[in-house]
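Every number here is computed from the coordinates shown, using simple stated rules; none is lab data. As the structure is a prediction and not an experimental result, all values here were calculated from the model. Glycine gets a Cβ as well: all are built from the backbone with ideal geometry, and neighbour counts include every protein chain shown.
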């Protein structure tokens with residue numbers, strides 16, 4: 001059955017004189033293993049970069065029905081001249097920008113708009129969008145408040161997110177699930193923004209009424225405009241990455257190294273054999289430190 005493995009052959013450009021089939025196969029396997037090892041290293045580097053990015057600042061994905069105004073909000077927050085057009089699928093790729101929200105940096109990702117029946121040729125882009133959203137700390141569900149069927153559009157998006165098993169929580173609930181904040185956009189087009197906000201908050205208690213139109217905050221004070229959204233993002237950033245003061249024994253080099261690896265260290269001071277580390281720390285790491293009996297104080 002395997003007699004071909006013991007045959008000795010030679011040939012120009014194929015293998016050396018007297019090289020067996022088994023040796024040829026081994027050489028091919030070594031090349032394949034080397035290639036796979038390189039790919040694994042690339043994946044590891046990519047994931048390390050992702051973790052570093054998450055440590056640097058919290059992230060949110062703008063999701064919502066197509067044409068809800070996600071790109072306009074990202075443009076207004078970042079100040080960038082992004083492509084915005086009033087039509088279906090004007091954005092067919094994800095785009096990430098860092099924005100300042102009152103002393104905190106926040107990574108915002110614009111994504112492909114949802115639709116009731118997605119065209120087959122857009123499935124790949126849509127799946128990539130879901131993966132980008134899955135990697136974020138929270139979701140900002142943008143809703144076109146001026147659309148007559150906004151409730152139906154909200155349900156389409158929520159259903160798709162549930163089907164994708166995102167592990168969502170709506171404004172409150174268990175901290176181990178991804179938070180969703182509902183942004184009711186285009187407040188400047190509403191005849192009575194106050195009445196609309198009251199209605200929306202019956203179902204979404206922490207709903208935010210906003211608009212990328214810079215005049216909306218003047219015309220409709222309760223909408224808050226983009227600055228109101230910045231305030232919401234700042235509060236979320238504080239919750240996702242609170243500033244903590246951690247007391248670490250000077251001899252515990254392992255813990256100090258872990259803080260530098262998994263948190264954003266802002267300052268260090270030594271007092272009587274204890275290192276006081278001030279850092280922005282994720283909730284999971286705070287819990288781990290406390291379970292280990294480490295003294296942790298959250299900054300006001």
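Which order results if 256, 233 are arranged by neighbouring Cβ count within 10 Å, fewest first? Show your work: numbers first, answer last.
Numbers: 256 18, 233 24.
With the sparsest Cβ surroundings first, the list reads 256, 233.
How much length, in nm to one decimal, is gained on full extension between residue 227 and residue 247, taken as 0.36 nm per residue of separation minus their Cα-Cα distance? Kindly include the intermediate steps, with their values, before the conclusion.
Numbers: separation 20, 0.36 × 20 = 7.20 nm, distance 3.60 nm.
Taking 0.36 nm per residue and subtracting the Cα distance, the gain is 3.6 nm.
Taking the highest mean first, how do the peptides 136-142, 155-161, 269-275, 201-207 order by number of other beta carbon atoms within 10 angstrom per residue? Before the final figure, lay out the partial values.
Values: 136-142: 23.9, 155-161: 17.0, 269-275: 10.7, 201-207: 14.1.
Result, highest mean first: 136-142, 155-161, 201-207, 269-275.
Among 284, 150, which comes first, second and so on when ranked by fewest other beta-carbon atoms within 10 Å?
Details: 284 11, 150 19.
In order of increasing Cβ crowding within 10 Å: 284, 150.
Could you tell me the calculated FRET efficiency between residue 299 and residue 134, based on Cβ-Cβ distance and R0 = 22 angstrom, to the nearest 0.05? Please report the intermediate quantities before stating the final value.
Working: r = 30 Å, r/R0 = 1.37.
Plugging the Cβ-Cβ distance into 1/(1 + (r/R0)^6) gives 0.15.
How high is the FRET efficiency between residue 239 and residue 38 when r is their beta carbon distance and R₀ equals 45 Å, given to the nearest 0.05?
Working: r = 40 Å, r/R0 = 0.88.
Rounded to the nearest 0.05, the efficiency is 0.70.
Expressed in nm to one decimal, what extension gain is obtained for the pair residue 98 and residue 260 from 0.36 nm per residue of sequence separation less their Cα-Cα distance?
Working: separation 162, 0.36 × 162 = 58.32 nm, distance 2.20 nm.
Using 0.36 nm per residue and subtracting the Cα-Cα distance, I get 56.1 nm.
With the contact rule set at Cα under 8 Å and sequence spacing of 6 or more, what percent relative contact order holds for the range 243-298? Let's see the in-between values first.
Values: 83 pairs, mean separation 26.3, N = 56.
So the answer I get is 47 percent.
Kindly state, to the nearest 0.05, the FRET efficiency for residue 270 paired with residue 290, given R0 = 25 Å and r defined as their beta-carbon distance.
Working: r = 22 Å, r/R0 = 0.89.
The value I calculate is 0.65.
Would you calculate the separation in nanometres between label points at residue 203 and residue 162, each defined as 7 Å from the Cα along the Cα-to-beta-carbon direction?
Simple spin-label model gives 1.2 nm for this pair.
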